[in-house]
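A.B. asks: Handing you a structure now.
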Amino acid sequence: GMPALRKKSIRLTGYLEYLILELQNEHISIITPKDPEQRGCQLSIQVRNADKSLHTKLSQANVITDWRTPDVIRCAPVPLYNSFQDVYHLVNKLKVILYEY
């Protein structure tokens, strides 16, 4: 039901937030509110000095994100069809792409 989906949503997005922060990359910051009640299931991640090629490379790696000019990708682990493993793979692919940047 909806309560279970919301609980999973909070946990998935929290896990994404945790993994992004663990990267300890000075060019990355999460600009979405920290409070789960204010952000839903998505995080807006600012990647300073990035351009839309970051979004393109993520898409080519089968990671679906949304690009916001000038330097923000939005990631939304949706509890209905995303898993914790999906979130882990997203961050690993982001890490590899940023290393190449």
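A.B. asks: What's the angle, to the nearest 10 degrees (0 to 90), between helix 84-100's Cα axis and the longest principal axis of the chain?
C.D. replies: 10 degrees
A.B. asks: Any chance you could check the Cα centroid distance between the stretch 4-24 and the stretch 54-86 for me, in angstrom?
C.D. replies: Using only Cα atoms, the two centres lie 14 Å from each other.
A.B. asks: Quick one: Karplus J couplings for the stretch 3-12, per residue in order, coefficients 6.51, -1.76, 1.60, θ = phi - 60°, nearest Hz, x for Gly and Pro?
C.D. replies: Couplings: x, 5, 5, 5, 4, 5, 4, 4, 5, 4 Hz.
A.B. asks: Leaving out ligands, DNA and RNA but keeping every protein chain, what accessible area does T69 have, in Å² rounded to the nearest 10, with a 1.4 Å probe?
C.D. replies: Accessible area, nearest 10 Å²: 120 Å².
A.B. asks: Once you put a point 7 Å from the Cα of L5 and another 7 Å from the Cα of I30, both along the Cβ direction, what distance in nm separates them?
C.D. replies: For L5 paired with I30, the spin-label model returns 2.3 nm.
A.B. asks: By the scheme Lys and Arg +1, Asp and Glu -1, what is the net charge of all other residues having a beta-carbon under 13 Å from that of L23?
C.D. replies: On the way: positive: K93, K95; negative: E17, E22, E26.
Spelling it out: positives minus negatives among the neighbours equals -1.
A.B. asks: Counting only protein heavy atoms and using a 1.4 Å probe, what share of the accessible area of the chain belongs to carbon plus sulfur, as a whole percent?
C.D. replies: Carbon-and-sulfur percentage of accessible area, whole number: 54.
A.B. asks: Relative contact order for the chain: what percent, with Cα pairs under 8 Å and sequence separation of 6 or more?
C.D. replies: Relative contact order here is 30 percent.
A.B. asks: So what is the accessible area of the chain per residue, in Å², with the probe set to 1.4 Å? Mind showing how you got there, number by number?
C.D. replies: Values: 6310 Å² over 101 residues.
I get 62 Å² per residue for this part.
A.B. asks: Under 16 Å Cα-Cα from K57, which lysines qualify once same-chain neighbours fewer than 8 residues away are excluded?
C.D. replies: Straight-line reach from K57, under 16 Å: K93, K95.
A.B. asks: Per DSSP H run of n ≥ 4, the term is -39500 (n - 2.57); total these for the chain, divide by its residue number, and report the mean residue ellipticity at 222 nm rounded to 500 deg cm²/dmol.
C.D. replies: Roughly -16000 deg cm²/dmol at 222 nm, from the helical runs in the chain.
A.B. asks: Turning to a different aspect of this structure: To the nearest 10 Å², what's E37's accessible area with a 1.4 Å probe?
C.D. replies: For E37, solvent-accessible area is about 130 Å².
A.B. asks: Give the lysines reachable from K34 as a straight Cα distance under 18 Å; neighbours fewer than 8 places away on the same chain don't count.
C.D. replies: Cross-link targets: K7, K8.
The values are calculated or read from the model by the stated rules, or taken from the named source; none is laboratory data. Note that this is a predicted model, so its numbers are computed, not measured. Cβ: placed from backbone, ideal geometry, glycine included. Neighbour counts: every protein chain shown. Note: areas computed on protein heavy atoms with side chains; ligands, DNA, RNA excluded. Shrake-Rupley method; radii C 1.70, N 1.55, O 1.52, S 1.80 Å.
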